[in-house]
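Participant: Sending over a structure as structure tokens; questions will come in a sec.
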Amino acid sequence: AVVGAGLGGSAAVYFLQQHFGPQVQLDVYEAAGVGGRLATVTVNKQQYESRGASIHALSLHMQDFVKILGLKHRREVAGKSAIFSGEHFVLEETDWYLLNLFRLWWHYGISFLRLQMWVEEVMEKFMRIYKYQAHGYAFSSLEELLRSLGGEAFVNMTQRSVAESLLEVGVTQRFVDDVIAAVLRSSYGQSVLVPAFAGAMSLAGAQGSTWAVEGGNKLVCSGLLKLTKANVISARVTGISLHSSEGRALYQVHYESTEGQGSAFYDMVVVTTPLHPSRSNFTFENFDPPIADFPGAFQPSVTSVVHGYLNSSYFGFPDPKLFPFTSILTTDTPDLFFHAMDNICPVNISAAFRRKQPQEAAVWRVLSQQPLDKHQLKTLFRSYYSVQVTEWQTYPRYDAAKALPPIVLHENLFYLSGVEWVASSMEMIAVAAKNVALLAYNRWHQDLEKIDQKDLMHKVKTEL
């Protein structure tokens, strides 16, 4: 059984079938809709991503899914970004790459180079995971996975803040306050106190080239489930109880659907929905020792998709025709009531599509921690036709995490969503799904040589 049909669940189903073979029976439980947080909203008969919008160029699993499913990359529509302090723009992007570099250099000296070197070093080590997974290696804990990629330094990066790590490598406080804070507010809705590893992943996405799926990123989830012919059960899982049969663990999954309550038995269960008390009321029965509570909380975040006319005067541009930006990030200023906003394009972009001019009514996505009130909407927009609000608990509250959640809850009971406490992105979830599938397969076949191996870089080289 796989609990949840978001990206984690659908990727887990795909990888489980890949390793166990087509004869494996896969039931997927989903209470809401396939795709989870990869959702779209409709404005004027066009669909727009409400969250989870961009995918980093180095996301190899996501690239693979798109290829296997015959999906396409969405056409890029160029636009400029700026960082707003509540009073003025602290940094503005231009059309000219060299001028952007010059501005960064002029404002922040060598800080942005030091940032780039730091992010590149983390990413280079992180990319080792694909080699390990291609050779069938898996990890039974998030700490072991991190250790295999970057030693104790990677584990420590989940315990100390991104601000602390960057200041240590010579990035200035001003650069952290202006640029790093703005990126983290727009990606995680949180401050520079997020752990260094989560911060590095978010910053890699901000400076690399990104892409999205034509027709909406959620097509990856429905596509993988269709490809594997998984049996999707429309029901909410309420708990799992442990039984044994001929010395082997059996898991009874209890669920509620429109037809009432039910249950079914499985050899193996992968939970891909968050198990934190604020997010689920899931019970585990007959486990000895009992499965402990999951510490930590989730960050509330609100996406408002607004179809309207931008109030460019608020940003210091009385003439809307002269407003040059399609994406506005914000610094950590107490009075600022939103984290970021961008002029978004539909999930299907025709060859003739052009982005709306700043004086025209456009579709903007505004990210904030609280729902926007009428006054705040009037501050950002001269007038608007519609506002669609989605309230989420999208990301872990990173400052609340003391230890990373486990992957193995019991012999063949696995937890996938804990990876978000390391870093939260589509690719991170896909990497965790592949790890859980390999771990399940290796444990089932007692192939312990493939689990938590030390000195993997050396092993993989000799295997090659």
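Participant: Just checking, how many residues over region 312-327 are in contact with a helix residue (DSSP H, G or I) (Cβ under 7 Å, 6 or more places away or on another chain) and open to solvent by less than 20 Å² (accessible area, probe 1.4 Å)?
Facilitator: Residues of region 312-327 that are in contact with a helix residue (DSSP H, G or I) (Cβ under 7 Å, 6 or more places away or on another chain), as a first pass: 312, 314, 320, 323.
With the extra rule that they be open to solvent by less than 20 Å² (accessible area, probe 1.4 Å), the set shrinks to 312, 323.
Adding up the residues that qualify gives 2.
Participant: Which of the residues spanning region 133-159 are over 20 Å from the mean Cα position of the chain (by Cα) and either over 22 Å from M62 (Cα atoms) or open to solvent by 20 Å² or more (accessible area, probe 1.4 Å) (or both)?
Facilitator: Residues satisfying the conditions are A134, H135, S140, E144, R147, S148, G150, G151, E152, A153, N156.
Participant: How many residues does region 277-293 contain that are in contact (Cβ under 8 Å) with a residue 24 or more places away in the chain and either under 29 Å from the mean Cα position of the chain (by Cα) or open to solvent by less than 50 Å² (accessible area, probe 1.4 Å) (or both)?
Facilitator: Counting residues in region 277-293 that are in contact (Cβ under 8 Å) with a residue 24 or more places away in the chain and either under 29 Å from the mean Cα position of the chain (by Cα) or open to solvent by less than 50 Å² (accessible area, probe 1.4 Å) (or both) gives 8.
Participant: I'd like the full set of residues that are under 14 Å from D399 (Cα atoms), buried (at least 23 other Cβ atoms within 10 Å of the Cβ) and hydroxyl-bearing (S, T, Y), limited to region 184-201.
Facilitator: Y188 - this is the single residue of region 184-201 that is under 14 Å from D399 (Cα atoms), buried (at least 23 other Cβ atoms within 10 Å of the Cβ) and hydroxyl-bearing (S, T, Y).
Participant: How many residues are without any contact (Cβ under 8 Å) to a residue 24 or more places away in the chain and either closer than 21 Å to S350 by Cα or polar (S, T, N, Q) (or both) when one looks only at region 60-95?
Facilitator: Number satisfying all stated conditions: 5.
Participant: Would you point out which residue out of A206, A235 is touching a residue at least 40 places away in the same chain (Cβ under 8 Å) and either farther than 24 Å from G4 by Cα or in contact with a strand residue (DSSP E or B) (Cβ under 9 Å, 6 or more places away or on another chain) (or both)? Before you say what the answer is, go through the steps one by one.
Facilitator: Working: A206 fails: touching a residue at least 40 places away in the same chain (Cβ under 8 Å).
Of A206, A235, the one residue that is touching a residue at least 40 places away in the same chain (Cβ under 8 Å) and either farther than 24 Å from G4 by Cα or in contact with a strand residue (DSSP E or B) (Cβ under 9 Å, 6 or more places away or on another chain) (or both) is A235.
Participant: Take V408 and decide whether it is in contact with a Lys or Arg (Cβ under 7 Å, 6 or more places away or on another chain), more than 24 Å from V220 (Cβ to Cβ) and surrounded by fewer than 24 Cβ atoms within 10 Å (Cβ to Cβ).
Facilitator: No; evaluated as a whole, the condition is false for this residue.
Yes/no matrix, rows are residues, columns are (1) under 21 Å from A403 (Cα atoms); (2) in contact (Cβ under 8 Å) with a residue 60 or more places away in the chain:
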site: H254; (1), (2): no, no
site: G260; (1), (2): no, no
site: S263; (1), (2): no, no
site: F298; (1), (2): yes, yes
site: S304; (1), (2): no, yes
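Participant: Scanning region 86-132 for residues that are assigned to a helix (DSSP H, G or I) and among the charged types (D, E, K, R), which turns out most open to solvent (accessible area, probe 1.4 Å)?
Facilitator: Step by step, filter region 86-132, then rank; the result is E124.
Participant: Considering only residues that are open to solvent by 20 Å² or more (accessible area, probe 1.4 Å) and either among the small types (G, A, S) or free of Cβ contacts under 8 Å to residues at least 60 places away in the same chain (or both), which ones fall in region 162-183?
Facilitator: Answer for region 162-183, where residues must be open to solvent by 20 Å² or more (accessible area, probe 1.4 Å) and either among the small types (G, A, S) or free of Cβ contacts under 8 Å to residues at least 60 places away in the same chain (or both): E164, L167, E168, V169, G170, Q173.
Participant: Then there is this: Determine whether V171 is out of contact with any Gly (no Cβ under 7 Å at 6 or more places or on another chain) and of a type in the set (V, I, T).
Facilitator: So V171 passes the test.
Participant: Let me ask something additional. Output the strands (runs of 3 or more DSSP E) that fall wholly within region 377-464 and possess 1 or more residues being touching a strand residue (DSSP E or B) at 6+ places or on another chain (Cβ under 8 Å) and over 25 Å from Q25 (Cβ atoms), or say none.
Facilitator: Per the criteria, 381-396.
Participant: Oh, and also: Search region 294-311 for residues being open to solvent by 40 Å² or more (accessible area, probe 1.4 Å) and at pLDDT below 95, and hand back the single one that is farthest from the chain's Cα centre (by Cα).
Facilitator: Going through the qualifying residues, I end up with P295.
Participant: For region 174-237, please list each of the helices (runs of 4 or more DSSP H) lying entirely inside it that holds at least 2 residues being among the hydroxyl-bearing types (S, T, Y).
Facilitator: 181-187, 219-228
Participant: Okay, moving on. Considering only region 51-85, state which residues are loosely packed, with under 15 Cβ neighbours inside 10 Å, assigned to a loop (DSSP other than H, G, I, E, B) and in contact with a Phe, Trp or Tyr (Cβ under 9 Å, 6 or more places away or on another chain).
Facilitator: A57, R75, E76, V77, K80
The values are calculated or read from the model by the stated rules, or taken from the named source; none is laboratory data. These numbers were taken from a predicted model, which means no experiment stands behind them. Backbone-built Cβ (ideal geometry, glycine too); neighbour counts: all protein chains shown. Surface accessibility is based on the protein's heavy atoms, side chains included, excluding ligands, DNA and RNA. Shrake-Rupley method; radii C 1.70, N 1.55, O 1.52, S 1.80 Å.
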